[in-house]
Amino acid sequence: MGLSWQQGPLSTGAFGRFLVPEPLPKRLLYVERLRRRMRVRFGGIWIADSEDVLLLFEPGRYPVAYFPETDVSPHVLERTEHTTQHPDLGLTSWYSVRADEQHIAPRGAWQHTSLPAHASELQARVAFAWRAMDAFYEEDERIVGHAADPYHRIDIRQASRHLVVRHRDRIIADTKRPVVLYESGFAPRWYVPRADIDEPALTPVKLQTFCPYKGLCSYYSIDDARQAAWSYPDPYPEVRRISGLVSFEPDIVSVHLDGTQLHLEPGQAVVPHGPDRNLDVEEVVHERTSGGGPAAAASG
């Protein structure tokens, strides 16, 4: 998604190409200032609070937030003996994150300690393991999944094209009013109103995933076609137009748009997000719709 993930320009499977005479390196790392206040919460307290966060974009990875050491609470980080070697950034030292004796995250943070000169922006900066922390916030709103990519964009458009979905000989959906969702790094996704769907054909499954940009996603099987469709029953306000609509996976069921069969494009397989640590669905929905953080965070 966005700059370095899926088919973004810095990903390993970029959809387009740079118009330059010589091939670019296979791995391009990019860093820029977030220009948003970001906070980290662990063990019931704020352990990092900064308006000078840097986002590192690395091919095939979600963006990672790096905090200045000076914006991390004192005595929270405890260096361990564990080190790794980053292919581009050199030696990486790992820390335990300790809020108190009951709240310790082994290898909950890391720092690149032998940076090459061209990566000096990351000097004296620390990144926190997303799932090891209680939560990350931009201002007072919780950010779910990973740091938000400022180059990730979603546009939703109404269409009047003829979309037909079939599984074997059964017509599952037939509409001339689909909604198309354009999302950075993905081919268009077509959503169908419920009134134009053979609703009994959809069997809900227990799987639910989070999209950091759209919200909680529910899935459906169609006969033996597992997880062939999905829907966002209560998406984030920014993408409210797809609320309750259903989209179908063209590599699992047959999807025709104006008579042309759609196929899943290379590099389009979705890597779903499981819930963040201690994530409560109702809490996240409430935060995003009300614009406020949980009471525990507000009192910290």
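A few comments on the model shown:
- Selection of the stretch 253-264 for residues being on the phi < 0 side of the Ramachandran plot and either open to solvent by 70 Å² or more (accessible area, probe 1.4 Å) or in contact with a helix residue (DSSP H, G or I) (Cβ under 8 Å, 6 or more places away or on another chain) (or both) yields Thr260, Gln261, His263.
- Residue within the stretch 188-198 that is in contact with a helix residue (DSSP H, G or I) (Cβ under 8 Å, 6 or more places away or on another chain), open to solvent by 30 Å² or more (accessible area, probe 1.4 Å) and either modelled with pLDDT under 95 or among the acidic types (Asp, Glu) (or both) present: no
- Considering Ala135, Ala187, Ala173, Ala148, the condition of being among the hydrophobic types (A, V, I, L, M, F, W, C), out of contact with any strand residue (DSSP E or B) (no Cβ under 9 Å at 6 or more places or on another chain) and in contact (Cβ under 8 Å) with a residue 40 or more places away in the chain is satisfied by Ala187 alone.
- Test: residue in the stretch 11-32 that is in contact with an Asp or Glu (Cβ under 8 Å, 6 or more places away or on another chain), closer than 29 Å to Asp140 by Cβ and modelled with pLDDT of 90 or more: yes
- Pair list, Cβ < 6 Å and 6+ apart or interchain, from the stretch 102-119 residues that are farther than 11 Å from His86 by Cα to residues that are outside any strand (DSSP E or B): His103/Gly43; Ala105/Ala132; Gly108/Ala129; Gly108/Ala132; Ala119/Leu89
- Scanning the stretch 199-217 for residues that are open to solvent by less than 10 Å² (accessible area, probe 1.4 Å) and at pLDDT 95 or above yields a count of 1.
- Per the conditions (1) part of a loop (DSSP other than H, G, I, E, B); (2) hydroxyl-bearing (Ser, Thr, Tyr); (3) surrounded by 15 or more Cβ atoms within 10 Å (Cβ to Cβ), the sole criterion not satisfied by Ser114 is (3).
- Note on the stretch 126-142: residues that are open to solvent by 20 Å² or more (accessible area, probe 1.4 Å) and out of contact with any helix residue (DSSP H, G or I) (no Cβ under 7 Å at 6 or more places or on another chain) total 8.
- Residue within the stretch 12-27 that is of a type outside the set (A, V, I, L, M), over 30 Å from Ile104 (Cβ atoms), in contact (Cβ under 8 Å) with a residue 24 or more places away in the chain and touching a Lys or Arg at 6+ places or on another chain (Cβ under 8 Å) present: yes
- Screening Ile242 against (1) open to solvent by 10 Å² or more (accessible area, probe 1.4 Å); (2) within 26 Å of Asp149 (Cβ to Cβ); (3) touching a residue at least 24 places away in the same chain (Cβ under 8 Å) leaves a single unmet condition, (1).
The values are calculated or read from the model by the stated rules, or taken from the named source; none is laboratory data. Predicted, not measured: the structure shown is a model, and the values here were computed from it. Ideal geometry is used to build each Cβ from the backbone, glycine not excepted, and the neighbour counts take in all protein chains shown. What goes into the accessible areas is simple: the full protein's heavy atoms, side chains included, and nothing from ligands, DNA or RNA. Shrake-Rupley method; radii C 1.70, N 1.55, O 1.52, S 1.80 Å.
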